[in-house]
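**Q** Once you've had a glance at the structure underneath, I'll fire off some questions.
What follows draws every value from the coordinates through simple rules; no lab data is involved. Not measured: the values here are computed from a predicted model. No Cβ is skipped: glycine too gets one built from the backbone with ideal geometry, and neighbour counts run over all protein chains shown.
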Amino acid sequence: MVAALAGVSRATVSRVVNQSPKVTPRVIEVVNDAIATLNYVPNRAARTLASRRAQAIALVVPESTAKLFTDPFLASVTQGIALYLADTDYTLTLLIASESTPDKTLRYLLGGNVDGALVVSHHSGDHSLSQLSRSLPVVFAGRPLDALENETYFVDVDNRAGAREATEHLIGLGRTHHASIGGPQDMPPGLDRLTGWCDALAAHGLDSSLVECGDFTPESGAEAMRRMLARGIPIDALFVANDQMAAGAYSVIHESGMSIPGDIAVVGFDDNYFGATATPPLTTVRQPSSELGAKMAEVLVRVIERRQVDRVTMMPTALRVRGSTIPA
């Protein structure tokens, strides 16, 4: 019916619907007018069979449901992905991988249900997800910590450089007794941020042995801070691998009768509401999490559609200096 009303062939209508570059602007206009007049909706199943694509993308999060919906970084990345895909023909499917067996997740991903996958919050032990990139277009948030790093698409920030800049800021304040609450050492952000902190201290001949690690939650930050203070070693500067753990550390520092930044200057990483609403507001390293999500989606769409794209995309960070390192 669309072809008859527009006065073109059915093949031409198909090319217009599928956004082929081989159709002139005038023909596109005529066909689109006919589609609007008839309230025509393309048959998705038929298009899928014709293109051999599901027109769907999976967002794979190997974390618990509770963490997904309480972690501002994951929420912001997901928002960036969804906003980018809203302007494409792809739909987004969310897979919370920790809530199902690896085999179940892989069966779904490799069963023709999706054209590609975005993996956020990847751990080095998630071997099945690392191997996935050999069978399906995949883009990771952060570099994979395994042998596939050199053949995988990923979008990341320079966590090491961001942590180094934050630590240089603390050193510039004249602080000499440094400590760090690191993130999980089986994840790229946890590993790289701790390495950046050590780099800066080593460059100034300062000790980097006072370290406790958490799992990026406020509770783990509080527990790490308690363990650190229990050692009885002087601390006047603290670098924390994310703002949530910094918020947990804040509570313990205040409970101990110490002040921020008077006794301990604190710097976090992320720049989310945990840092912005802390008292005093937290100096932190901003990473563009929503933009990172959008870039991941863009890279994956390009890979699926076999368009040129860089294998590695790095996003900038920036230090946001606030009250936790500036005396009143």
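**Q** Each residue of the range 134-140 in order: what ³J(HN,Hα) in whole Hz does its phi give by Karplus 6.51 cos²θ - 1.76 cosθ + 1.60, θ = phi - 60°, with x for Gly and Pro?
**A** Taking θ as phi minus 60°, the curve returns 7, 10, 8, x, 9, 10, 9 Hz for the range 134-140.
**Q** Considering the options THR283, ALA166, ALA75, tell which one lies farthest towards the positive end of the dipole of the chain, charges being +1 on Lys and Arg and -1 on Asp and Glu at the Cβ, about the Cα centre.
**A** ALA75
**Q** Something else now. What distance in nm separates the simple spin-label points at SER9 and GLU219, each placed 7 Å from Cα in the Cβ direction?
**A** Taking the simple label geometry, SER9 and GLU219 are separated by 6.5 nm.
**Q** Can you work out the PRE-style zone for ILE326? Point 7 Å along Cα to Cβ, and I want the residues of the range 233-262 with backbone N under 17 Å.
**A** Counting backbone N atoms under 17 Å from the label point, the list is 260-262.
**Q** Turning to a different aspect of this structure: In what sequence do ARG143, ARG302 fall when counting other Cβ within 10 Å, fewest first?
**A** Ascending number of Cβ neighbours within 10 Å: ARG302, ARG143.
**Q** Return the whole-Å distance between the Cα centroid of the range 174-223 and the Cα centroid of the range 267-328.
**A** 18
**Q** Based on the mean of other Cβ atoms within 10 Å per residue, sort peptides 264-275, 289-300 so the most packed one is first.
**A** Put in order of decreasing packing, that is 264-275, 289-300.
**Q** TYR84: net charge of surrounding residues, Cβ under 12 Å, Lys/Arg +1, Asp/Glu -1, itself excluded?
**A** With Lys, Arg at +1 and Asp, Glu at -1, the neighbours total -1.
**Q** Which three lengths, in whole Å and largest first, does the chain cover when its Cα atoms are put on their principal axes?
**A** 82, 42, 33
**Q** Please sort through the DSSP H helices of the chain and keep those with an alpha-carbon extent of at least 27 Å along the long axis and a Kyte-Doolittle average not below 1.6.
**A** Membrane-span-like by this criterion, though nothing is claimed about a membrane: none.
**Q** Turning to a different aspect of this structure: Just name one of GLY257, ALA56, LEU238: the one whose Cα is farthest towards the positive end of the charge dipole of the chain (beta-carbon charges, Lys/Arg +1, Asp/Glu -1).
**A** ALA56
**Q** Now for a different question. Could I have the simple spin-label model distance between SER259 and ARG107, label points 7 Å from Cα toward Cβ, reported in nm to one decimal?
**A** According to this spin-label approximation, the distance is 6.2 nm.
**Q** Using the Cβ atoms and a cut-off under 14 Å, what net charge is assigned to the surroundings of ALA297, where Lys and Arg are +1 and Asp and Glu are -1?
**A** -3
**Q** Apply 1/(1 + (r/R0)^6) to the Cβ-Cβ distance of ASP87 and GLU151, taking R0 = 41 Å, and write down the FRET efficiency to the nearest 0.05.
**A** It comes to 0.90.
**Q** On to the next question. Order of VAL139, VAL157, VAL321 from fewest to most other C-beta atoms within 10 Å?
**A** VAL321, VAL157, VAL139
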